[in-house]
Amino acid sequence: MAVEGLTQKDLIAQLGGSGKLTPKQAEELIKAFVEILQRELEVGEKVQVPELGVFSTETTTGAIEGDKVVLPELDVVYEPAARLVKAVVQAQKDHPELFVAVSESEDEEDDEIAAAVDAAKTMKEAENTLAAAEAEAALPDVPRRESFIEFLDLGSVRVEKEVLELVPIELAQKLGAVPIELEEGVLTVAMTNPDDFDIIQSMRKQTGLVIKPALATKDGINAILDQYTGFASEVQDLVAAGDFISKKDVQAAANEEVGVDDDSAPTAHIVFSILKRAVKEKASDIHIEPYERRVVVRFRLDGILVQKVELPKEVQQAITARFKILANLKIDEQRLPQDGRFSVNIERRRIDFRFSTIPIVFGEKIVMRILDKSVGILALEDTGIIDRNYAVLTRNMERSHGMILVTGPTGSGKTTTLYAVLGKLMKPDVNILTLEDPVEYQIEGINQSQVHHEIGYSFGTGMRAVVRQDPDIVMLGEIRDHETADMAVNAALTGHIVISTLHTNDSGGAFPRLIDMGVEPFLLTSSIHTVVAQRLARRICQECKEEYKPDAGTLKEVKDIIDSMPAEGKKLAQKEGIHFYRGKGCDKCNGTGYKGRLTVTEVLDVNEHVQQLVLNRESNTRITEQSIKDGMMTMQMDGIMKVLRGFTSIEEVWRVSRE
């Protein structure tokens, strides 16, 4: 790339003499610009840079001519921008004495640099002159640079097998980039950061092809990575093999008299493929969402919904009917929500699915909660409850009676924490009974009972039967109404250990919630001794964890929270030091940077101060404020401690703890 009369050395000298860049910095800047320009020109014929001009290619063989820049295998033609030309012309009129021929002699190098410095000053004056002229008569806007970076929605894209094979899955996962299309020797590669030149170079080295970068979301890239393992391709092949268009065949397809995984039944096989894949990836929920022209299947992985496959609209009725048959629901009822359950044998395990439908604009949305009964009890130490929270909880668990409540929204891991507490309390000489809806884990040594509301066997009626079974410990799946709350409180007052869950936002909110249900405050202060509030945050993948420095705003916010901690918590935070970690993304975590989850908790110790506030029917805010004064670490404080120790990221703590 050369401009008549101006060499690369001239340009470096001018930039280096501007007072803003050193000659070395100027050289590196020009080199970076040339590399970017070269990459852009390899995937397009023209690059337009505002204020500078247009660079285009000619099909001639390039070469290095002295110190002039010529791109390899390309001949670049430069057309200066109108503004630049006008500025130079005006500068020549105002200061003709400064525009002299530049000597290319090695002996006159010093004079050359001095002249270049003067020329740089002149260019600056020319810019000022041009700005003044534009104030009087505005020039037409120069078109913005033509960008060759396009955004790709990969949700419905199916990549040819031959294209996927160009880049091994290990490399694609490591780089977070996937091949999409090969056309005339140019490979389109989707990535979250198309400006990452290292990724482009790695792809070019692997394939030997010209790389055309494209922008895509992380979910979109994960959808293409799934095609490597065959899930999306398998489902698409099954869709292609079946005839789902005729509505009269929907009932027949749904009632195929075969096993759910039978190869001869396309509908049944699609359903089984979805269920099997969700269990394999340890998803907690499956979402099947109909839209106007497509049906989207998403899995909830580590608390985050991830799109896995997209199905054509014509399969919607058959798939929905098949799921309803499994859950023993009415196929022809599409106007009302329905709930059900079913079980499937997957990889020699019996997996239960809690099934729910709701009518929406374009059909029925299906959500299935996956309940793997073969999963054992998680140890309390492994849930993520640490420091003072762990000490208060385990100390109160040694009491001979009273109630422990675990609060939080749906999907916050309350039941898992209940079972972890049970695992700590389990002994050969105690009688443990549970009332659940449904029984999520089957544990030997615990007497588990599942309620059935349709026949009148509710939590309230079940509690009446349980207390007549001589229990030492009672686990109640959820307190939903006055009857259940009253029975649980009375059981805790009569010598039993009761553990249960409640839907509130924080630990202090448990008392106003129970009072709203009709339980007297003096009964609550006499029965409840511990309230645990929690959320689930994703763990940083330990295989690709790295330390980094956050922005100043985040750092200040974290320091402010540390300053607000109780003395014990502040001392621990200062001992740990302020460190921030994140996951880069690797094949172990499917490029997400996270693997697994842990609880972010607060444990409220019901002491005399809290009891007095409850008796006075104070708000949850006052109860929380008093508990912090007494040493309680809030969920946000607990999350910050987990950030400093490298368990999770600050983004996860903000996500689960900010109101």
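The values are calculated or read from the model by the stated rules, or taken from the named source; none is laboratory data. Everything quoted here is computed from the prediction, not taken from an experiment. Glycine also receives a Cβ, built like all others from the backbone with ideal geometry; neighbour counts cover every protein chain displayed. We work out accessible area using only protein heavy atoms, side chains counted, and drop any ligands, DNA or RNA first. Shrake-Rupley method; radii C 1.70, N 1.55, O 1.52, S 1.80 Å.
A few points about this structure:
- Between Ser400 and Asp153, the modelled label-to-label distance comes to 6.6 nm, taking each label 7 Å out from Cα in the direction of the beta carbon.
- Once the Cα-Cα distance is subtracted from the 0.36 nm per residue extended length, the Leu555 to Leu305 segment shows a gain of 87.1 nm.
- Alpha-carbon spread of the stretch 598-644, three principal axes, descending order, Å: 37, 16, 16
- Note on Gln574 and Thr192: the model spin-label points, each 7 Å out from Cα along the C-beta direction, lie 3.7 nm apart.
- Subtracting the Cα-Cα distance of Glu520 and Arg617 from 0.36 nm times their residue separation leaves 33.9 nm of extension gain.
- Sites matching GluC sites (Glu not before Pro) across the stretch 295-394 that sit in DSSP coil, with at most 11 neighbouring C-beta atoms within 10 Å: Glu347
- Hull shadow area, averaged, the stretch 488-627 [alpha-carbon convex hull, nm²]: 11.2 nm²
- Given Lys313/Lys365; Lys212/Lys549; Lys575/Lys595; Lys218/Lys308; Lys161/Lys308, the pairs whose alpha carbons are separated by over 21 Å: Lys212/Lys549; Lys575/Lys595
- Convex hull volume of the Cα atoms of the stretch 556-659, normalised per residue: 108 Å³.
- FRET efficiency, 1/(1 + (r/R0)^6) with R0 22 Å, evaluated for Val467 and Lys427 via beta carbons: 0.65
- Percent accessible area from carbon and sulfur atoms, the stretch 297-365, protein chains only, probe 1.4 Å: 49 percent
- Label-point gap, in nm, between Val367 and Glu381 - each point 7 angstrom along Cα→Cβ: 3.6 nm
- Using a Förster distance of 60 Å, the FRET efficiency for Glu183-Tyr548 (Cβ separation, nearest 0.05): 0.95
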